[in-house]
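Working notes, beginning with the structure itself.
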Ligand code: KG4
Ligand code: ZN
């Protein structure tokens with residue numbers, strides 16, 4: 001069963017062809033960074049216009065790479081939310097038109113469920129249920145208990161900034177170019193993570209929730225202080241990154257101890273962070289936990305994960321090509337997807 005995946009929830013115009021929710025026949029992602037960089041962040045209007053300009057060619061590109069023609073696909077999977085409304089609408093409208101014209105089934109996917117299926121791509125041993133997911137991206141940071149393909153529950157979430165947002169905002173304070181997360185990661189590799197003791201916030205003692213805005217603010221105050229003005233930026237980057245990783249790993253460990261999980265997965269753009277990956281692997285060795293981290297191209301936004309989610313959720317994700325609508329605030333719980 002080959003599904004065409006379409007993902008346009010934010011600023012990546014992505015298409016993919018995936019067989020049986022696992023084998024990636026093609027995955028194409030056109031990055032719009034050059035168009036947003038001079039504004040220091042994503043401009044929603046520019047993002048939707050770029051999707052309009054790029055999407056048809058991205059579909060053709062994926063088909064060409066997979067050596068398939070449109071009539072050979074078995075259905076279309078599209079991200080219907082959450083995300084930027086103008087961006088989502090472009091993908092949803094295209095997917096509806098394609099599915100309707102081809103007479104093939106259409107599947108509506110929650111972007112965050114997509115991230116959870118990223119570790120299923122291109123591997124013969126997918127994560128066994130039930131597993132725990134740490135989903136850390138530019139828009140979301142949450143811990144999810146995954147009982148089955150459609151039985152997922154958020155057990156911890158950020159009260160303010162997402163982890164990726166904290167990386168991007170702190171990178172900006174350090175004068176790094178947009179998008180800042182990967183830049184800060186690179187800079188931190190040359191710094192001392194113990195140079196500065198930034199706070200490790202915890203919203204409530206027994207909670208699995210996260211908070212990053214206080215950390216970002218304390219980096220800002222530090223940089224404005226006399227000591228901060230002389231501090232090496234690579235040390236500040238490494239110390240900030242260490243605080244984020246500590247907070248994420250502490251919450252992940254607590255969540256793991258509370259459940260009965262057979263595996264733990266890391267997903268979302270921040271899963272590509274080198275310090276987080278190292279800490280995660282060390283933790284898994286120490287606690288004898290089976291872990292999964294998707295390769296970098298499936299950690300960040302992509303359409304292969306959307307096609308995979310649609311395949312695994314196909315019994316309930318099927319939607320009517322005439323009535324599907326984008327939902328920028330699509331709730332996480334599966335029941336409300338129908
Ligand atoms: O999953 P994603 O591509 O898009 C969202 O759904 O948000 O995540 C993008 C986020 C950005 O905030 C980016 O700075 C961050 O992931 N990111 C990283 C790294 N690579 C991407 N943050 C820290 N270290 C990285 N290596
Ligand atoms: Zn994402």
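No lab work stands behind these numbers, since they all come straight from the coordinates. This is a predicted model, so every value here is computed, not measured. Here the Cβ positions follow ideal geometry from the backbone for every residue, glycine too, while neighbour counts run over all protein chains shown.
Could you run the Debye sum over the Cα atoms of the range 22-163, one equal point scatterer each and no solvent, and tell me log10 of I(q)/I(0) at q = 0.13, 0.20 Å⁻¹, two decimals?
-0.73, -1.42
If I build a Gaussian network model for the chain, linking alpha-carbon pairs within less than 10 angstrom, which residue out of 89, 316, 146 has the largest mean-square fluctuation?
In this elastic network of the chain, the residue with the biggest mean-square fluctuation among 89, 316, 146 is 316.
If each residue's Cβ is checked for other Cβ atoms within 10 Å, how do 80, 186, 202 rank with the fewest at the top?
Lowest to highest Cβ neighbour count: 186, 202, 80.
With both partners inside the chain, how many of the DSSP beta bridges are antiparallel, as a percent to the nearest 5? Show your work: numbers first, answer last.
Working: 27 of 44 bridges.
That works out to approximately 60 percent antiparallel.
Report the full-extension gain for the segment residue 253 to residue 56: residue separation times 0.36 nm, less the Cα-Cα distance, to one decimal in nm.
Values: separation 197, 0.36 × 197 = 70.92 nm, distance 4.34 nm.
The residue 253-residue 56 span can extend by a further 66.6 nm.
Provide the gained length on full extension for the span residue 34 to residue 274, in nm with one decimal, where the gain is 0.36 nm per separating residue minus the Cα-Cα distance. Walk me through the numbers before you get to the answer.
Working: separation 240, 0.36 × 240 = 86.40 nm, distance 2.40 nm.
Extra length available between residue 34 and residue 274 comes to 84.0 nm.
Starting from the Cα of residue 160, step 7 Å toward the Cβ, then list every residue of the range 209-224 with an amide N under 11 Å from that point.
So the set is 211-220.
Within a 10 angstrom radius of the beta carbon, how do 257, 216, 104 rank from fewest other beta carbons to most?
Ordered by Cβ neighbours within 10 Å, fewest first: 257, 104, 216.
Evaluate the range 128-294: find the radius of gyration of its Cα atoms, find its Kirkwood radius, and give the ratio Rg to Rh.
We get a ratio of 0.98 for the range 128-294.
Compactness ratio of the chain: Cα Rg over 2.2 N^0.38 Å, N = residue count?
0.99
How large is the helix-only mean residue ellipticity at 222 nm for the chain, computed as the sum of -39500 (n - 2.57) over DSSP H runs with n ≥ 4, divided by its residue count, in deg cm²/dmol to the nearest 500? Could the numbers behind the result be given before it?
Working: 13 runs with 146 residues, N = 338.
Only helices count here, giving -13000 deg cm²/dmol.
Which shape class applies to the range 10-75: rounded if a/c is under 1.5, otherwise prolate when a/b exceeds b/c and oblate if not, where a ≥ b ≥ c are the square roots of the Cα gyration tensor eigenvalues?
Prolate shape, in that a/c is at least 1.5 and a/b is the bigger ratio.
How would you rank 168, 23, going from fewest to most other Cβ atoms within 10 Å of each one's own Cβ?
Details: 168 25, 23 15.
Ranking 168, 23 by Cβ neighbours within 10 Å, fewest first, gives 23, 168.
Taking a virtual spin label 7 Å from the Cα of residue 283 along the C-beta vector, which residues in the range 133-169 bring their backbone nitrogen under 16 Å of it?
133-137, 141-146, 155-158, 163-164
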